[in-house]
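One structure below.
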Amino acid sequence: MNVKTRFPPSPTGFLHVGSLRTALYNFLFAKKNHGTFLVRIEDTDRARYVEGSVESLIKTLDQMHLTYDEGPILVDGVLKEKGENGPYVQSARLPIYREQALRLIEQGDAYYCFCTKERLEELRKSQTLIKASTKYDRRCLALTADEMKTRLEAHDEHVIRLRIPDGETTFEDAIRGSITIQNEQIDDQVLMKADGFPTYHLAVVVDDHLMGVTHIIRGEEWISSVPKHVHLYRVFGFPLPVFAHLPLILNPDKSKLSKRQGDVAVEDYLAKGYLPEALLNFVALLGFNPSAEQEIYSLDELTEAFDFTKVNKSGAVFDIQKLNWMNGMYIRAMDIDKLLQSAKPFCGEGDSLTDELLKKILIVERERLVTLGEIPERIKPFVQALNYHAEILVWKKSTKEDAVVQIQNMREFIESLASEVFDDVRLIEREIKRYIEDNGLQNGHVLWPMRVALSGCEQSASPFQIAWVLGKEETVARLSTALDKLSS
């Protein structure tokens with residue numbers, strides 16, 4: 001079998017992290033099996049369509065390194081397509097759906113429905129009142145051929161509905177095994193709406209068949225719709241694809257992941273400085289457990305490890321603390337030049353920094369970074385005048401008078417050092433520790449006021465690292481400023 005998977009996002013404004021995981025799993029399965037991965041834009045729900053969201057989706061998938069073999073692409077900002085099974089935007093395929101729906105009418109597997117919205121609403125209310133299943137009562141199925149013809153010729157507003165047979169529908173799920181649903185629970189689904197657009201159910205079956213999709217990997221919320229799709233495959237005479245339904249992604253309180261409890265858009269996480277590689281690694285493990293011994297995976301490793309038997313059936317909790325840990329791990333593992341380029345868009349007020357200075361800051365701060373979005377705050381102590389209270393210069397086991405002495409002596413010692421010492425943080429650390437030892441001093445008495453004087457913070461990188469970034473001249477200047485604060 002030539003494996004082919006698809007990711008069919010709706011252009012509603014942003015890429016949900018759950019949709020990112022769906023796209024990733026489709027990507028992984030296709031690549032592992034040397035198959036094809038396509039992207040199709042499902043824009044038949046015109047009420048939810050957001051202008052520009054198709055372009056945004058394409059850009060986000062590109063940022064996330066999820067390259068696809070077929071689908072819409074951007075060429076110099078213009079929407080185009082690659083692949084031989086297009087159009088890959090459903091609104092450009094309306095004649096195809098109309099043709100297939102009429103075919104079902106002719107076969108007797110679908111029928112016209114002329115019921116008004118008002119009548120359907122009343123029907124729903126009455127069924128709810130008696131606690132019956134809320135589904136269409138097939139009133140229009142009783143229309144004679146002549147009645148139907150008359151209403152069609154009069155251009156009465158109508159939809160086309162699928163006729164669900166009696167009995168039950170059983171299908172195999174690659175993750176959940178055999179699933180059976182009683183057909184009496186299934187509504188006669190609308191296939192073509194009054195506006196001439198198909199519903200999801202018709203379009204997805206027709207498109208997946210015509211585009212050669214062999215495996216449908218999607219969220220578990222679609223399980224209840226599978227019997228409708230299976231029936232459509234059967235009445236069309238299409239071969240059934242393999243179904244695989246993924247577990248939900250949950251909030252910490254086990255509710256379905258939603259914006260009410262935090263960010264859900266991939267674009268939001270990227271804007272906050274989460275690395276694409278870390279975000280992919282994190283969402284890959286939401287319901288997929290390749291190994292108990294490993295947490296950090298490259299995209300190639302995830303591809304090699306991906307297996308439906310290792311995908312959980314139960315929901316996976318979106319743990320932001322784990323994402324933060326993982327993102328920090330990726331930051332620390334990045335090549336420094338790549339980190340420099342990734343950091344630049346986040347520099348904010350420090351965007352005028354030279355590459356050399358920014359690289360030094362990143363080398364010092366990367367061990368404490370969780371996201372690139374923290375960089376503006378990390379930069380401030382190195383590039384701005386320090387505004388701190390003199391009290392924090394005094395170590396908890398010392399006095400103001402001692403702090404003055406230590407800073408004054410350290411300033412004189414720094415001034416005596418050769419400029420070349422500041423080319424290497426290890427040389428700075430060696431010289432200062434030798435000074436402390438030769439003078440019989442305690443580390444805290446010397447290093448605390450020095451570090452605060454250089455950073456303006458109670459918590460920061462080591463004084464050796466900060467001095468290396470600042471250089472000899474600025475280090476001496478900041479020690480002088482600290483003395484002024486203590487004397488005022």
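Overview of values
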| read-out | value |
| --- | --- |
| Every pair of residues 6+ apart whose Cβ atoms lie under 7 Å, when the first sits in region 285-296 and is in contact (Cβ under 8 Å) with a residue 24 or more places away in the chain while the second is in a loop (DSSP other than H, G, I, E, B) | L286/F318; G287/P247; G287/N312 |
| Count of region 23-47 residues which are in a helix (DSSP H, G or I) and touching a residue at least 12 places away in the same chain (Cβ under 8 Å) | 11 |
| Complete set of residues in region 87-118 that are surrounded by fewer than 17 Cβ atoms within 10 Å (Cβ to Cβ) and under 18 Å from P9 (Cβ atoms) | P87, S91, A92 |
| All helices (runs of 4 or more DSSP H) inside region 398-488 with 2 or more residues being over 20 Å from I361 (Cβ atoms) and polar (S, T, N, Q) | 400-416, 463-487 |
| Selected residue (criterion: modelled with the highest pLDDT) from residues of region 105-117 that are in a helix (DSSP H, G or I) and either hydrophobic (A, V, I, L, M, F, W, C) or under 15 Å from D156 (Cα atoms) (or both) | I105 |
| Given (1) touching a residue at least 12 places away in the same chain (Cβ under 8 Å); (2) under 18 Å from L102 (Cα atoms), index of the condition E153 fails | (1) |
| Count of region 208-219 residues which are closer than 18 Å to F306 by Cβ and surrounded by fewer than 18 Cβ atoms within 10 Å (Cβ to Cβ) | 1 |
| Neighbours by Cβ (under 9 Å, 6+ apart or cross-chain): first from region 160-187, touching a residue at least 40 places away in the same chain (Cβ under 8 Å) and part of a helix (DSSP H, G or I); second loosely packed, with under 11 Cβ neighbours inside 10 Å and not aliphatic (A, V, I, L, M) | N183/D166; N183/G167; E184/S133; E184/D166; E184/G167; Q185/S133 |
| Hits in region 367-391 - residues which are in a helix (DSSP H, G or I) and in contact with a Phe, Trp or Tyr (Cβ under 9 Å, 6 or more places away or on another chain) | L372, G373, E374, I375, P376 |
| Selected residue [among the acidic types (D, E), more than 24 Å from Y97 (Cβ to Cβ), surrounded by fewer than 21 Cβ atoms within 10 Å (Cβ to Cβ) and out of contact with any Phe, Trp or Tyr (no Cβ under 6 Å at 6 or more places or on another chain)] from D62, D45 | D62 |
| Subset of region 288-327 that is under 26 Å from S258 (Cα atoms) and among the small types (G, A, S) - its residue that is surrounded by the fewest Cβ atoms within 10 Å (Cβ to Cβ) | S314 |
| Residue pairs meeting the criteria (Cβ under 6 Å; at least 6 apart or on separate chains; first in contact (Cβ under 8 Å) with a residue 12 or more places away in the chain, in region 321-343; second charged (D, E, K, R)) | Y330/E277; I331/R366; R332/R366; L340/K359 |
| Which listed residue, of A385, A418, is surrounded by fewer than 17 Cβ atoms within 10 Å (Cβ to Cβ) and either outside the structural domain of R478 (by TED's automatic domain parsing) or on the phi > 0 side of the Ramachandran plot (or both) | A385 |
| All helices (runs of 4 or more DSSP H) inside region 237-351 with 3 or more residues being within 30 Å of V226 (Cα to Cα) | 276-284, 299-305 |
| Residue within region 45-57 that is among the basic types (K, R), more than 30 Å from D166 (Cβ to Cβ), at pLDDT 95 or above and not assigned by TED's automatic domain parsing to the domain that holds G212 present | no |
| Sole residue being farther than 30 Å from G86 by Cβ, modelled with pLDDT of 95 or more and surrounded by fewer than 20 Cβ atoms within 10 Å (Cβ to Cβ), chosen from K272, K256 | K272 |
| When residues of region 350-369 are limited to those that are surrounded by fewer than 16 Cβ atoms within 10 Å (Cβ to Cβ) and within 27 Å of the chain's Cα centre (by Cα), the one modelled with the lowest pLDDT | D351 |
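Table: residues versus (1) in a helix (DSSP H, G or I); (2) within 23 Å of the chain's Cα centre (by Cα).
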{"residue": "I58", "(1), (2)": "yes, yes"}
{"residue": "T67", "(1), (2)": "no, yes"}
{"residue": "G71", "(1), (2)": "no, yes"}
{"residue": "L74", "(1), (2)": "no, yes"}
{"residue": "L79", "(1), (2)": "no, yes"}
{"residue": "P87", "(1), (2)": "no, no"}
{"residue": "I96", "(1), (2)": "yes, no"}
{"residue": "Q100", "(1), (2)": "yes, no"}
{"residue": "R103", "(1), (2)": "yes, no"}
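Okay, residues lined up against (1) within 18 Å of I41 (Cα to Cα); (2) of a type outside the set (F, W, Y):
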| position | (1), (2) |
| --- | --- |
| Q189 | no, yes |
| T199 | yes, yes |
| W222 | yes, no |
| S225 | no, yes |
| V235 | no, yes |
| L240 | no, yes |
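The values are calculated or read from the model by the stated rules, or taken from the named source; none is laboratory data. In this text, all values refer to a predicted model and were calculated from it rather than measured experimentally. All Cβ positions, even for glycine, are placed from backbone atoms using ideal geometry, and neighbour counts span all protein chains on display.
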